[in-house]
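What follows is one structure encoded as structure tokens, with my remarks underneath.
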Amino acid sequence: MFLSFSVPLLLLAWAHSAAAATADEWRGRSIYQIITDRYALPSSTPKSDCDVSRQTFCGGTWNGIRENLDYIQNAGFTAIWISPINKNYEGPRTAYGDPYHGYWVTDVSQLNSKFGTADDLKALSADLHKRGMLLMVDIVVNNVMVTSTTNPDYSDCFFKDASFYHPYCPIVWGDTQSEQTCWFGDEKVPLADVDTTNPTVIQRYGDWIQGMVKEYGIDGLRIDAAKHVQKSFWPTFCGKAGVFCMGEVFGGAEVDPIAEWQGPDALDSVLNFPMYAALRDAYSIPGPANITQLDQVFQDSKKKFKDTTLLGNFVENHDVPRWHNLSVDPQSLYNAMTWNFMADGIPIVYYGQEQSFSGSGDPNNREALWPSNYANTTTYQYITLLNKLRNFLVNTTDWAKSETEILTSSPHGFAFLKGSIISILTNIGSPPQAGVHISVKTPWETTTALTNVITCTQWVVGSNRMVDAQYSLGGVPVVLVPSDQLKGSGLCGTELAYVDSHGGKADALNANSARSPRNLSIIPFVAAVAASLKFLL
């Protein structure tokens, strides 16, 4: 069934800016993650180099983001997540550089003037909402930066009295009590731990977040170091915020320590570190390895997370190596990304991922984007295709709420079903392997017509309801949709015939906006498949 949305664009945009975005609203979004200092210079600033090794400011601002939103929207993203907006340490340069990243917060009640003014941030929020997009802001409540572990000065901080902080102690990792009361950082950059059990701290933090969300039209929060604050703090805090809360609970492939932080007694969502670890291990090195671990993480996640459809899916962020640093094979990235877009969860793409940036880790994975000239790369086009399909499904069906089911797995990959879509992913990499295939039993009757939207090729369900993915052209992902369900999607030659219920234009992917300086039109991805076999991005 294809729904018709006749509500005028401006009315929908107003509705998003006036009402809090719920978890259900975020479930259908896709997020582009930004470090403000590194995404875009404002138009009034000449382009300049950004040496990441210097760990200092490169000049990106909220106005720079606003002036370059077309690049994000034309790729099909429906939300952005920006780095912390609050005042940071402003003293002499430290041994680890300057706080260009925004995480060395001192006073949450003030904005970081390095990135712009209050009016600049409001203008960014307003422009996003006019486009039907949402704004997620990174926040830091666990700690503040000071300059001494023995005699800290809190005069520039939101909480100015020492009684609002835990006394200094180095963290003993693996000890929950220590992780929630001792200090991040070290003697060079001490990060004093706020006592979030203090009733005054709870009340003042609640009043602050409620006011900030309302003043700047914030739709969601990404919470830094969420597990370093006692779990009971978050329901009250997020309740005061009145918006979707996604926490960072850093970890590996083990599900239990992460899953306990999602639910009514904790947070709406967490970043999906277990699946990141599983995808990294299964796909960063082509070959029949670690598919079993991925399958196990998936099964454990279904049992232990409260709602896997709300988890934040990623293969890159500012705390882990760029994928292109782990693997230069483009199909390894495309298969991993396809999981994040087509399985349960909210896909998140870290800025520069679409440009094949290759930084090894902090600070090298925090490159400036402007030297790329925001190019229409093959990876950008692939992300655009995935977003176009996902947005269509979100807007016309209840696909986002459907639970993913793994249909088959083998040493070479696996297939899964979500809603009426089957994705077949492989870890063989780009080189052709004629002897490799993945056979999948589908829920469809024999002779059902299917379309692989990645290549726009036609498939037919065979006997015993089987389809067979073969890799004579290399390890290209397969995403199969019943052909009659593509009607109205604008994909693979079909006419676009739906209105985006997010309030943005459904055909943003065709870049017809008069504001767009680039006219970034999507090309049939099949043309890039052959090219990927000849060179590595």
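Could you go through the range 125-134 and let me know if any residue there is modelled with pLDDT of 95 or more, farther than 30 Å from Ile383 by Cβ and in a strand (DSSP E or B). No; the residues of the range 125-134 include none that is modelled with pLDDT of 95 or more, farther than 30 Å from Ile383 by Cβ and in a strand (DSSP E or B). Is there a residue being in contact with a Phe, Trp or Tyr (Cβ under 6 Å, 6 or more places away or on another chain) and closer than 14 Å to Asn335 by Cα anywhere in the range 387-408? No; the residues of the range 387-408 include none that is in contact with a Phe, Trp or Tyr (Cβ under 6 Å, 6 or more places away or on another chain) and closer than 14 Å to Asn335 by Cα.
Yes or no, residue by residue, for (1) touching a His at 6+ places or on another chain (Cβ under 8 Å); (2) open to solvent by less than 10 Å² (accessible area, probe 1.4 Å); (3) in a loop (DSSP other than H, G, I, E, B):
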position: Ser439; (1), (2), (3): no, no, no
position: Pro443; (1), (2), (3): no, no, yes
position: Thr447; (1), (2), (3): no, no, yes
position: Asp468; (1), (2), (3): yes, no, no
position: Leu473; (1), (2), (3): no, no, yes
position: Gln485; (1), (2), (3): no, no, no
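Whenever a residue of the range 243-262 is small (Gly, Ala, Ser), its partners that are modelled with pLDDT of 95 or more and assigned to a strand (DSSP E or B), lying with C-beta atoms within less than 7 angstrom and at least six residues away or across chains, give the pairs Gly247/Ile223; Gly247/Leu267; Gly247/Val270.
The set of residues from the range 298-323 being crowded, with 23+ Cβ neighbours inside 10 Å and part of a helix (DSSP H, G or I) comprises Phe298, Leu310, Trp323. For the range 164-202, a residue qualifies if it is in contact (Cβ under 8 Å) with a residue 24 or more places away in the chain, among the hydroxyl-bearing types (Ser, Thr, Tyr) and open to solvent by 50 Å² or more (accessible area, probe 1.4 Å), and the qualifying residues are Tyr168, Thr197, Thr200. Exactly one residue out of Leu425, Leu393 is free of Cβ contacts under 8 Å to residues at least 40 places away in the same chain and either under 30 Å from His101 (Cα atoms) or surrounded by 18 or more Cβ atoms within 10 Å (Cβ to Cβ) (or both): that is Leu393.
Rundown of residues vs (1) outside any strand (DSSP E or B); (2) open to solvent by 10 Å² or more (accessible area, probe 1.4 Å), yes/no style:
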{"position": "Ile65", "(1), (2)": "yes, no"}
{"position": "Tyr71", "(1), (2)": "yes, no"}
{"position": "Ala75", "(1), (2)": "yes, no"}
{"position": "Ile80", "(1), (2)": "no, no"}
{"position": "Lys87", "(1), (2)": "no, yes"}
{"position": "Glu90", "(1), (2)": "yes, yes"}
{"position": "Tyr100", "(1), (2)": "yes, no"}
{"position": "Val108", "(1), (2)": "no, no"}
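Determine whether Lys231 is touching a strand residue (DSSP E or B) at 6+ places or on another chain (Cβ under 8 Å), farther than 28 Å from Leu425 by Cα, open to solvent by 10 Å² or more (accessible area, probe 1.4 Å) and charged (D, E, K, R). Criteria not met by Lys231. The single residue among Gly352, Gly263 that is on the phi > 0 side of the Ramachandran plot, buried (at least 23 other Cβ atoms within 10 Å of the Cβ) and either among the acidic types (Asp, Glu) or out of contact with any His (no Cβ under 8 Å at 6 or more places or on another chain) (or both) turns out to be Gly352. The residues on offer are Val141, Val108, Val172, Val146, and the sole one that is in contact with a Pro (Cβ under 6 Å, 6 or more places away or on another chain) and at pLDDT 95 or above is Val146. Taking each residue of the range 51-65 that is under 15 Å from Leu369 (Cβ atoms) and looking for partners that are assigned to a loop (DSSP other than H, G, I, E, B) and of a type in the set (Lys, Arg) with beta-carbon atoms closer than 7 Å, six or more apart or interchain, yields Val52/Arg366.
At least 2 residues being farther than 30 Å from Leu69 by Cα and among the aromatic types (Phe, Trp, Tyr) is the threshold, and among the strands (runs of 3 or more DSSP E) wholly inside the range 366-437 those reaching it are 413-418. For the range 142-244, the strands (runs of 3 or more DSSP E) that sit wholly inside it and include 3 or more residues that are under 27 Å from the mean Cα position of the chain (by Cα) and under 23 Å from Tyr100 (Cα atoms) are 143-145, 220-223.
The values are calculated or read from the model by the stated rules, or taken from the named source; none is laboratory data. Treat the numbers as computed from the prediction; the structure is a model and nothing was measured. Methodologically, a virtual Cβ is constructed for each residue, glycine included, from the backbone with ideal geometry; neighbour enumeration extends over all protein chains shown. Side chains are part of the model used for accessible areas, which takes the heavy atoms of the whole protein and leaves out ligands, DNA and RNA. Shrake-Rupley method; radii C 1.70, N 1.55, O 1.52, S 1.80 Å.
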